[in-house]
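What follows is a short report on a single structure.
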Amino acid sequence: MGKKAIDIANLDVEKLIQMLNEALAEEWLAYYQYWIGARIMEGPMRSEVEPELLLHATEELGHATLVVNRILQLGGTPILNPADWASYARCPYEVPSDPYIEEILKQNLNGERCAIQRYEEIADFTNGKDHSTYQMAITILNDEIEHEHDIEDFLTDIERLKEDIRKFRI
Ligand code: FE
Ligand code: FE
Ligand code: MG
């Protein structure tokens, strides 16, 4: 593994690898949360929301790639067994048992807020000590902030649609 890469990381590398493995598990679960949610959801604006959720799923996989590469550069072992994802992840997978679009979006929103917290922590932990991981954390953080905003916008628009329908009935 990259010895210099590990030496220049001026912090507790084992703790960082643990945090990165937790983030890795969360990215895979976020991927599936989006991917399955996009397919089973029902309700207003489905045809508009579905491609965006599938795009987010792809972006979560991209994050997993960034995170696993950094774990390897730091000499760590990435999670090898998907059965460990749920126990590593702090952001829980929420079973989409109600396919209504608002419920699916709320589950995704919870995941994004949890991911924002995760990368804030990784950025705080590495700031000024491990520039490479710090830069990666900020890159992913900016995506997660954008994801959160996209979903909030969809939920606002669905709410507006529901209000309009109520008005027309009066
Ligand atoms: Fe992500
Ligand atoms: Fe995200
Ligand atoms: Mg988006």
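The values are calculated or read from the model by the stated rules, or taken from the named source; none is laboratory data. The structure displayed is predicted, hence computed values, not measured ones. Note: ideal-geometry Cβ built from the backbone for every residue, glycine included; neighbour counts use all protein chains shown. These accessible areas exclude ligands, DNA and RNA; they are computed on the full protein's heavy atoms, side chains included. Shrake-Rupley method; radii C 1.70, N 1.55, O 1.52, S 1.80 Å.
Annotations for the structure displayed:
- Residue pairs whose Cβ atoms lie under 6 Å apart, sitting 6 or more positions apart in sequence or on different chains, and linking a residue in region 51-69 that is within 14 Å of E22 (Cα to Cα) to a partner that is open to solvent by less than 60 Å² (accessible area, probe 1.4 Å) and outside any helix (DSSP H, G or I), are V68/P78.
- Residues located in region 63-92, provided they are surrounded by fewer than 15 Cβ atoms within 10 Å (Cβ to Cβ), within 12 Å of the chain's Cα centre (by Cα) and either at pLDDT 95 or above or within 16 Å of ligand 3 (Cβ to nearest atom) (or both): R90
- Every residue from region 114-135 that is closer than 12 Å to R70 by Cβ, within 16 Å of ligand 1 (Cβ to nearest atom) and either open to solvent by 60 Å² or more (accessible area, probe 1.4 Å) or not in a helix (DSSP H, G or I) (or both): Q135
- Residue match in region 129-147 (condition: more than 12 Å from the chain's Cα centre (by Cα), more than 19 Å from D12 (Cβ to Cβ) and in contact (Cβ under 8 Å) with a residue 40 or more places away in the chain): yes
Yes/no matrix, rows are residues, columns are (1) free of Cβ contacts under 8 Å to residues at least 40 places away in the same chain; (2) surrounded by fewer than 15 Cβ atoms within 10 Å (Cβ to Cβ):
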site: L11; (1), (2): no, yes
site: L16; (1), (2): no, no
site: N21; (1), (2): no, no
site: L24; (1), (2): no, no
site: Y31; (1), (2): yes, no
site: Y34; (1), (2): no, no
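- Exactly one residue among L72, L54 is away from ligand 1 (no atom under 16 Å from the Cβ) and assigned to a helix (DSSP H, G or I), and that residue is L72.
- Of E152, E121, all but one fail to be acidic (D, E), in contact (Cβ under 8 Å) with a residue 40 or more places away in the chain and within 14 Å of ligand 3 (Cβ to nearest atom); the exception is E152.
- Some residue of region 148-161 being of a type in the set (A, V, I, L, M, F, W, C), at pLDDT below 95 and farther than 23 Å from K15 by Cα: yes
- Of the residues screened, L72 is one that is farther than 21 Å from T156 by Cβ and not charged (D, E, K, R).
- Reported count of residues in region 36-51, each being part of a helix (DSSP H, G or I), open to solvent by less than 50 Å² (accessible area, probe 1.4 Å) and touching a helix residue (DSSP H, G or I) at 6+ places or on another chain (Cβ under 6 Å), is 3.
- Residue count for region 1-42 satisfying the condition of being under 18 Å from A57 (Cβ atoms) and among the polar types (S, T, N, Q): 1.
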